[in-house]
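**Student:** I have a structure I would like to understand better, so I am pasting it below and will then ask my questions one at a time.
Where a number appears in this text, it was derived from the coordinates with a stated rule and is not lab data. Keep in mind that this is a model prediction, so the values were computed, not measured. Virtual Cβ from ideal backbone geometry, glycine too; neighbours counted across all protein chains shown.
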Amino acid sequence: MTPTVEIKRLVGSVKDFLSLPEVYYRIRDLLEDPDSDSLELSRVIECDTGLTARLLKMVNSAFYGLPGRIDRVSHALSLLGRQTVSDLILTTLAIRAFAKISTHLVDMSTFWHHSIYCGLIAKMLAKRCHVLHAERLFIAGVLHDVGQLVLYRSRPESAAQALALAEPNDEGLYRAEQQLFGYTHAAVAAELLKLWTLPTSLQASIAFHHEPERATDFVLETAIVHLANSIANSVEPGRHIEAPAFCTKPQAWQRVGLSEELIESVLADADLQFVETLDMLMPRQVLP
């Protein structure tokens, strides 16, 4: 069985367990329809009480600094705009989709801490690159490692072998997976996002986030996710990544047109938002 066929089979085996709810696609269709109105969109969002509660919690947080108390989804839409609300909803529902994952191979709290921190760094880098809708890079950062969760659930024995084989560096697990499986968690994640019919920019930036030099499409987004992941790995406690710090690839810095000297300011901005973003997005059951 070729790696491509194996990846499709693997992702297909979890499609019922790991799926975005129908409400997401109804919301997306309305968000993409210029003729839809905010009242109609609000009614669809409010059909999901959990999503509504989390969305209102987000918009009332200091993270957005909006004036007064917002208690209606329609009001949130008018203040934040459709793109921001769409990004919030996708991130929330994607994380919720994985809330049912239970495995002894990974500490879910640590996993989401890293993912959200990576997302924040990606967003900060995107803003410095003047990327339109920088929030979409936050989503890419949050979802970049979800292929690991698919492997942990569907191939636990092989995934455990990869973890044992992996060297304690930025590329260790990626290389171990390639050696054992012939494919990696990055390719699995990209295939899952394809199954979810998420944007091709997300699929591409996640598929090559360990090897940004291989990307031929969405090269800027891919470079940003690569840098964000490497930086997050290098500074987070408990990630078990050895020196040298910031194991980023020179091509990635060239593609984003930024200097490594910006890392400190990017981390400072990410740190300011991390605790509140974690509280907004992480399912309660995986909070530390």
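**Student:** How big is segment 119-182 in terms of Cα radius of gyration and Dmax, in angstroms?
**Tutor:** 15.1, 43
**Student:** Which residue, chosen from 24, 85, 60, occupies the Cα position most advanced towards the positive end of the dipole of segment 19-97, where the dipole is computed from +1 (Lys, Arg) and -1 (Asp, Glu) charges on Cβ about the Cα centre?
**Tutor:** Selected residue: 60.
**Student:** What 222 nm value per residue comes from the helices of the chain, counting each DSSP H run with n ≥ 4 as -39,500 (n - 2.57) and dividing by all residues, nearest 500 deg cm²/dmol?
**Tutor:** -19500 deg cm²/dmol
**Student:** Another one. How large is log10 I(q)/I(0) at q = 0.27 Å⁻¹ when the Debye formula is applied to the Cα atoms of segment 1-77, each weighted equally and without solvent?
**Tutor:** -1.22
**Student:** Kirkwood hydrodynamic radius for segment 158-206: how many Å is it when counted over pairs of different Cα atoms?
**Tutor:** About 11.5 Å, per the Kirkwood formula over Cα pairs.
**Student:** Still on this structure, I have one more. Might you report the magnitude of the Cβ-based charge dipole of the chain about its Cα centre, with Lys and Arg at +1 and Asp and Glu at -1, to the nearest 20 debye?
**Tutor:** Charge dipole of the chain: 500 debye, to the nearest 20.
**Student:** Hey, what's the Kirkwood Rh for the chain if you take every pair of different alpha carbons, in angstrom?
**Tutor:** Averaging 1/r across every pair of different Cα atoms and inverting gives 19.5 Å.
**Student:** Say the dipole of the chain comes from +1 at the beta carbon of Lys and Arg and -1 at that of Asp and Glu; which of 134, 206, 195 then lies farthest toward its positive end?
**Tutor:** In the chain, that residue is 195.
**Student:** Students often forget the sequence filter, so: which lysines lie under 22 Å Cα-Cα from residue 8 once same-chain residues fewer than 8 apart are removed?
**Tutor:** 100, 194
**Student:** Calculate the all-directions average of the projected area of segment 129-258's alpha-carbon convex hull, and give it in nm².
**Tutor:** Average projection, Cα convex hull of segment 129-258: 8.0 nm².
**Student:** Next question, about the same structure. Determine the relative contact order of segment 139-183: mean sequence separation of Cα pairs under 8 Å and six or more apart, normalised by residue count, in whole percent.
**Tutor:** Taking the mean separation of contacting Cα pairs over the length of segment 139-183, I get 24 percent.
**Student:** Below 8 Å between Cα atoms, with a sequence gap of 6+, how large is the relative contact order for the chain in percent?
**Tutor:** Answer for the chain is 20 percent.
**Student:** Follow-up question, since we're still on this one. Mind telling me which of 49, 92, 277 comes out most flexible in a GNM of the chain, alpha-carbon contacts under 10 Å?
**Tutor:** It is 49.
**Student:** Which of the helices in the chain meet the span-like rule: DSSP H, Cα axial reach of 20 Å or more, Kyte-Doolittle mean at least 0.5?
**Tutor:** Helices meeting the criterion: 82-97, 219-235, 263-281.
**Student:** Could you name the lysines whose alpha carbon sits less than 24 Å from that of residue 249, not counting residues in the same chain fewer than 8 places away?
**Tutor:** Qualifying lysines at Cα under 24 Å: 123, 127.
**Student:** If you don't mind, another one. From Cα pairs below 8 angstrom and at least 6 apart in sequence, can you work out the relative contact order of segment 184-239, rounded to a whole percent?
**Tutor:** RCO, segment 184-239: 26 percent.
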